[in-house]
2 protein chains.
Amino acid sequence: MKRRYIDMNDIRFLLFEVHGIDKLTEHPRFAHAGGREEIDQLLQSAMDIADREMFPYYKELDSQPVTYRDGGVRSHPQLKRIFSAVAEAGWFAATTDLEDGGIQLPYTVFSTAHMIFEAANNSAQGYLGVSTGAIDLITTFGNDYLKRTFVPPMMEGKWQGTMALTEPQAGSSLSDIRTTAHPAPDGGYHISGQKIFISGGEHEACDNFIHLTLARIEGAPAGTKGISLFLIPKFLPTQDGSLIYNHVECVADFQKMGQRGYATTHLVFGESGPTVGYLVGEPHRGLSCMFQMMNAARIAVGQTAAAIASAAYHYSLNYAMERPQGRQIQEKDPLKPQIPIIRHADVRRMLLAQKCFVEGSCSLVTECLKLVDLEKITDGEAQQRARLLLELLTPIVKTYPSEEGIRSVSQALQIFGGYGYTMDFDVQQYYRDVRIMAIYEGTTGIQSLDLLGRKVGMESGKALSYLAREIQSVMETANGHASLRPHAAALGSAMQVWQSVLSHLQGHAAKGQVERYLADANLFLELSSLVVMGWQWLKMGVVASDAPAIGGIQTSDFYRNKLIALQYYFKYELPRVHSLATTLKDDADLTTFKGSEELFI
Amino acid sequence: MKRRYIDMNDIRFLLFEVHGIDKLTEHPRFAHAGGREEIDQLLQSAMDIADREMFPYYKELDSQPVTYRDGGVRSHPQLKRIFSAVAEAGWFAATTDLEDGGIQLPYTVFSTAHMIFEAANNSAQGYLGVSTGAIDLITTFGNDYLKRTFVPPMMEGKWQGTMALTEPQAGSSLSDIRTTAHPAPDGGYHISGQKIFISGGEHEACDNFIHLTLARIEGAPAGTKGISLFLIPKFLPTQDGSLIYNHVECVADFQKMGQRGYATTHLVFGESGPTVGYLVGEPHRGLSCMFQMMNAARIAVGQTAAAIASAAYHYSLNYAMERPQGRQIQEKDPLKPQIPIIRHADVRRMLLAQKCFVEGSCSLVTECLKLVDLEKITDGEAQQRARLLLELLTPIVKTYPSEEGIRSVSQALQIFGGYGYTMDFDVQQYYRDVRIMAIYEGTTGIQSLDLLGRKVGMESGKALSYLAREIQSVMETANGHASLRPHAAALGSAMQVWQSVLSHLQGHAAKGQVERYLADANLFLELSSLVVMGWQWLKMGVVASDAPAIGGIQTSDFYRNKLIALQYYFKYELPRVHSLATTLKDDADLTTFKGSEELFI
């Protein structure tokens, strides 16, 4: 049986039937992109690249990992072919405006193609994702010189873009960044400092590395209000087309537990000679520029977790259909042949859990991608709605797939039994790869603070009311279907629980106890995610219920199985809301710091 | 700061204050072992070995893993020194009867020493654990020749014992074992067949390998009632002390995601020449003999998971105290120095979660170890009680630490942020190591079927009533402490929920729907575990509440922190009982096999 890693039918269901992405192309910005058929062809071509150039090398990128040798980073030779194929198909230029040399596709279409790449080979896709993020940042905030000089070679897949934020002393705490930009006599800047954990910061598939870097202009205010954004190339292009070394040294590559095909570098600026950096955007406004890239990256991280889990799900499904072991429980005759393990209820439960996680997460990701597009093509109230919903959902779409993805891939591994723990099977690689997603681009702790500390209260809670209205509206539609009514009711009561928990916590904030208000933000994010996923499932459920009668694009089996996954969600996952609420309303304060570390003696 | 991996004070608290292990030595069987002081010294000497010979090599056993090369298994040279040190201290002979050349210590003391080894270096301990299990099996069921010939070199750490059950087509389904014992003309047996996943099956630290192997005597009945136990040495000892090759070939070593220092071999018997096997116990009764070793191994697996989580917990605690990052939430001045991350509530929650998991799991493990001893030294009703409680608790003590241990170590990794994902820090190794525990010695699925399908109903539910009485009695004592009363009440209501879930499920069984009865056995095991852990925490809580007044052996900080961990359990963990119950009482049947695999189209 051919091993799948992602289901094109499911992508079509989400894009066209659930989230109506093809309607985006009715807007002038995207009119040239064609309709459903053209989008489908584009994604099919992405799948062809993934099938041919990426998936067959998934294991090799792990077993022949990126290494630092002889003063440079050695990477797998296939990487260069992947860059070429992806550039040739135009995916580096996909979302850039036509006037900047791009293809100006909906972000949703671009990112769905990337999801296919992520499922096929998440290490390889890392390089592509960070480069396109850098292109976006330059075309949005860079001046003409930067756009003209750096973007075209990146679009051709010859130069690699990166985002360089973290320093040894500044990871979660970005305000502690020390890399410094010294004004140079020519009006430019010379950069000095160190950056660590720079993904794709050096490898053998590209000729130049363009680091979008956070640094502090000498004398800038302390904290986040003194951080600026710089473009720092490893090699400076000259007018005759030659390249001059810009003293960006890659001094190490971190060896990691997973994503071993994806370089994670340590860079030093201005140590062996002057390093020129170009200011991008206004001085001291670097963090808000970077957050454009960061917010997209946060969706991409959640999406990657879902994509890895998708690959692990299909792999374990395949195995479960082929591996004979044991007999039905009531079969006592040991001479009867063994049955494929997919017939055991416990294995079916683990498969259904994965199906439910993967398909639900992909729906939430698609919802968020669509909001990115809507924010761009709408104005007034509609734009505000898109912007606020996206702000609110970003910590959730980043975190829920990353945290639950660990559990999902773990169930895939469990289905393989002892074999799953051996290097002979790739499932252990998915298990190692997915673990980083809860750390990349703001850990779960940071996302939780963002949700409870900023997003739920922003603009007087307006984001939350938009979301509540969305959920309410889907619940009302679902109430029109007898089979969905109990699930709509369950979601309604989960909503109420969610709101009452928030009011309860806000009681602490009202008393000025901010630490206590935020102490269990992590659990609040989990509870919020469960409500949000219930909304997504109900939304899919309405479509799956209606589709067979109105002529959906899938088989009736497809819709039936979608509704079984929905039932799984409401039986096995949503009830966790209630135990989380019990915990969140319990006022025992066990975790805020009270002046001594003796707790752990 | 010196890095700890296990807390001797916590071991003392559990052994002496909570579970009264020193009272075991009042029994004639153990009288020679001395009292509390002697046991403490023994464990301290185990800690010395672990500190000196095992812990410093934890990383190396992973980075220089066991490999199959030049037709043999290459292992780390330190392994030989570990075998010597452990043998010299008598730990291979610890639980064996005096008359068989052993030291006849309580099993609890022996296994607690092994827990120290597991926390220090779980790969290395694997070899020791499986050897002592094999010694137990031979001394219990073997004839004089086998005991005399094979046990002494194993006790001296020169020969390695193993358990050989799994075959390529028979993993969870032991009844499908095909390895065959052919009666030989001399009255013995010649063995032919293959075994995979044989831990410690070959390496460079020992001279001979003694495989306790399940095989089928030619013509034996099909299924589990035709399985016999054989002792199969790699080399046959002769009367003059020389060794003759017995044609036990090691043809491969599985490379694994974790426990990379622990050999996992593929053995072939009788292929290159005749392989002699010695029958152990009665023909066709092999499985019940093997289950003596297997039951002990199941406790050991849970214990190892808890030990790995202990090491990861202490490691992350250390890091959290030393790593500066960020500031208190209400501190807005970016010029103030960063604070150690242990002051952030979210980090404290992740530390407390680990402390609660590790200390709770160790208490349950100790409870079960004590039952092993009690079953041996009691008779009549007391012995029945010990035996049945142990039967009931075995799937729980195997599974809860193994499954929750994944979550616990994952939180340790999260505390390290991006660093935790790099090979520069050992926490990713703990994360890889712990994952196998939910698979070893019967997967979580198998344990769940064992609990719900066999144990809760065995002897008319007698095991369950014993447990209910135990819990009831602790709840009554706890009710005498005002501060514990709400927790006792919470446990009481969890008990009721548990019982009502069981009655509900038994409704399916009563209608003959066995598949449905067992379909969610996995969740039932999780729910049962939460109740059992609540019992352990309340038990520890009573001691920690009483101890300061009656002169406990620990500091008052120790007891206070124990009570905080208890509060954590009742606030954050026990409430999950209620959402699990909601799921288990929901009668939507989504997972039993109904004749087609179309569910996953």
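Run through region A:529-582 and list the chymotrypsin sites (Phe, Trp or Tyr not before Pro) located in a DSSP loop whose Cβ has at most 15 other Cβ atoms within 10 Å.
Answer in residue order: no site qualifies.
Give the separation of the Cα centroids, region A:1-71 to region B:535-550, in Å.
When both Cα centres are located, 58 Å separates them.
Note down the net charge around B:G223, summing +1 for each Lys or Arg and -1 for each Asp or Glu among other residues with Cβ under 12 Å from its Cβ.
Net of charged neighbours comes to +2.
Hey, any idea what % of region A:469-520's accessible area is carbon plus sulfur with a 1.4 Å probe? Let's see the in-between values first.
Working: 1330 of 2470 Å².
With neighbouring chains kept in place, the figure for region A:469-520 is 54 percent.
In nm to one decimal, list the spacings between the A:Q506 label point and its equivalents in the other copies, with label points set 7 Å along Cα to Cβ, shortest first.
Spelled out, the distances from A:Q506's label point are 4.7 nm.
Given an 8 Å cut-off on Cα distances and at least 6 residues of separation, report the relative contact order of region B:442-570 as a percent.
Once normalised by length, the contact order is 29 percent.
Limiting things to C-alpha atoms, what are the Rg and the maximum Cα-Cα separation (Dmax) for chain B, in angstroms?
Computed over the Cα atoms of chain B, radius of gyration and Dmax are 24.5, 88 Å.
What ³J(HN,Hα) values, in whole Hz, does the Karplus curve 6.51 cos²θ - 1.76 cosθ + 1.60 give for region A:437-446 when θ = phi - 60°, with x put for Gly and Pro?
Listing the rounded values in order: 4, 6, 10, 3, 6, x, 4, 4, x, 5 Hz.
Considering the options A:T582, A:L389, B:A311, tell which one lies farthest towards the positive end of the dipole of the protein assembly as shown, charges being +1 on Lys and Arg and -1 on Asp and Glu at the Cβ, about the Cα centre.
A:T582
I'd like to check one number: the per residue accessible area of the protein assembly as shown, probe 1.4 Å, reported in Å² as a whole number.
34 Å²
Structure shown: which of A:K571/B:K462; A:K256/B:K195; A:K2/A:K59; A:K59/B:K59 lie over 22 Å apart, alpha-carbon to alpha-carbon?
Correct reply: A:K571/B:K462; A:K256/B:K195; A:K59/B:K59.
Given a 1.4 Å probe and no ligands, DNA or RNA in the count, how much accessible surface is buried by A and B, both sides, to the nearest 100 Å²?
That pair hides around 9000 Å² of surface in total.
What are the distances, in nm and sorted shortest first, from the label point of B:V251 to the label points of the same position in each other copy, with each label point placed 7 Å from Cα along the Cα-to-Cβ direction?
Copy-to-copy label distances for B:V251: 5.2 nm.
Please compute, for the alpha-carbon atoms of the protein assembly as shown, the extent along each of the three principal axes and give them in descending order in Å.
Result for the protein assembly as shown: principal-axis Cα extents of 90, 64, 61 Å.
Taking the Cβ of B:A488 as the centre, find all other residues whose Cβ is under 13 Å away and add up their charges (Lys, Arg: +1; Asp, Glu: -1). Don't skip to the end; give the middle numbers.
Details: positive: B:R485, B:K539; negative: B:E476.
Net local charge, B:A488 excluded: +1.
For region B:1-49, with only Lys/Arg (+1) and Asp/Glu (-1) charged at the beta-carbon, what is the dipole magnitude about the Cα centre, in debye rounded to 20?
I would put it at about 180 debye.
Pairs of alpha-carbon atoms within less than 8 angstrom and 6+ residues apart define the contacts here; what relative contact order does region A:193-346 have, in percent?
It comes to 22 percent, rounded to a whole number.
Treat every Asp and Glu Cβ in region A:290-372 as -1 and every Lys and Arg Cβ as +1, leave all other atoms uncharged, and give the resulting dipole magnitude about the Cα centre to the nearest 20 debye.
Working: 10 positive and 6 negative charges, 31 e Å.
That gives a dipole near 160 debye.
Could you run the Karplus curve 6.51 cos²θ - 1.76 cosθ + 1.60 with θ = phi - 60° over region A:417-422 and give me ³J(HN,Hα) per residue in whole Hz, x for Gly and Pro?
x, x, 4, x, 8, 8
Mind checking the dipole of the protein assembly as shown: about its Cα centre, +1 per Lys or Arg Cβ, -1 per Asp or Glu Cβ, Debye to the nearest 20?
That gives the protein assembly as shown a dipole magnitude of about 1460 debye.
Would you be so kind as to list the residues of region B:235-276 that have their accessible area lowered by at least 30 Å² in the full protein complex compared with their chain by itself (1.4 Å probe)?
Correct list: B:F254, B:Q255, B:K256, B:M257.
Counting only other residues whose beta carbon sits under 9 Å from that of B:A181, what net charge do I get with K and R as +1, D and E as -1?
That sum, taken over residues with Cβ under 9 Å, equals 0.
Mind checking which chain B residue has its Cβ closest to the axis relating B to A, and how many whole Å off it is?
Residue and rounded Å distance to the axis: B:S579, 2.
What are the ³J(HN,Hα) values, in whole Hz, obtained from phi via the Karplus relation 6.51 cos²θ - 1.76 cosθ + 1.60 with θ = phi - 60°, for each residue of region A:126-134 in sequence order, with x given for Gly and Pro?
Rounded to whole hertz, the list is x, 4, 5, x, 6, 5, 5, x, 5.
Name the residues of region B:403-424 whose accessible area, probed at 1.4 Å, falls by at least 50 Å² once all protein chains are in place instead of their chain on its own?
B:Q414, B:Y419, B:Y421, B:M423
Under 5 Å between amide H atoms, partner at least 5 residues away or on a different chain: which partners does A:G161 have, H built in plane at 1.01 Å?
Under 5 Å from the amide H of A:G161 lie the amide H atoms of A:S131, A:I210, each far enough along the sequence or on another chain.
In nm, what does the list of distances from B:F235 to its counterparts in the other copies look like, shortest first, when each label sits 7 Å along Cα to Cβ?
6.1
Kindly identify residues of region B:181-200 having a loss of at least 50 Å² in accessible area between the isolated chain and the assembly of all protein chains, probe radius 1.4 Å.
Listed by number, the residues meeting the 50 Å² cut-off are B:F197.
Percent relative contact order of chain A, based on C-alpha pairs within less than 8 angstrom and at least six residues apart?
Computed value for chain A: 13 percent relative contact order.
Between region A:298-329 and region B:553-582, what is the C-alpha centre distance in whole Å?
Value for the Cα centre distance between the two parts: 35 Å.
The values are calculated or read from the model by the stated rules, or taken from the named source; none is laboratory data. Everything numeric here is computed off the predicted structure, so don't read it as measured data. Cβ sites come from the backbone with ideal geometry, for glycine too, and all protein chains shown count toward neighbours. Areas reflect the complete protein model, heavy atoms only, side chains present, ligands, DNA and RNA absent. Shrake-Rupley method; radii C 1.70, N 1.55, O 1.52, S 1.80 Å.
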